[in-house]
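In what follows, a structure is listed as structure tokens, so that the remarks can point back to it.
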């Protein structure tokens, strides 16, 4: 549960469980009560993309999830890093013709795509 909260920007989330065995004197029955302290939600304040020469920053921002105002999570940042690297190293933006089985030609930092 804590992982779910952290992946939604609640970096200091704490979940405690109170487990009562043989609930209401019924052998084998359990009662579980969760106490959740979310803390403050952390949100992305800004996004800077450096070293990109293949696409406009706005194009890459269209495929990443860590945009200003969105909940912060280490998992999302790692995923965005991989997506950005893959897009710039292969010169393909997901959702373009190449991602849909088309053909892509990359030359001198520019890419062209054709659908089949």
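List of remarks:
- Of 49, 40, all but one fail to be out of contact with any helix residue (DSSP H, G or I) (no Cβ under 6 Å at 6 or more places or on another chain) and assigned to a loop (DSSP other than H, G, I, E, B); the exception is 40.
- Residues in segment 32-81 that are modelled with pLDDT of 85 or more, on the phi > 0 side of the Ramachandran plot and loosely packed, with under 10 Cβ neighbours inside 10 Å: 1 in all.
- For segment 1-31, the set of residues classified as closer than 30 Å to residue 78 by Cβ and either surrounded by fewer than 11 Cβ atoms within 10 Å (Cβ to Cβ) or free of Cβ contacts under 8 Å to residues at least 24 places away in the same chain (or both) consists of 2, 3, 4, 15, 16, 17, listed by residue number.
The values are calculated or read from the model by the stated rules, or taken from the named source; none is laboratory data. These figures come from a predicted structure and were not determined experimentally. Backbone-built Cβ (ideal geometry, glycine too); neighbour counts: all protein chains shown.
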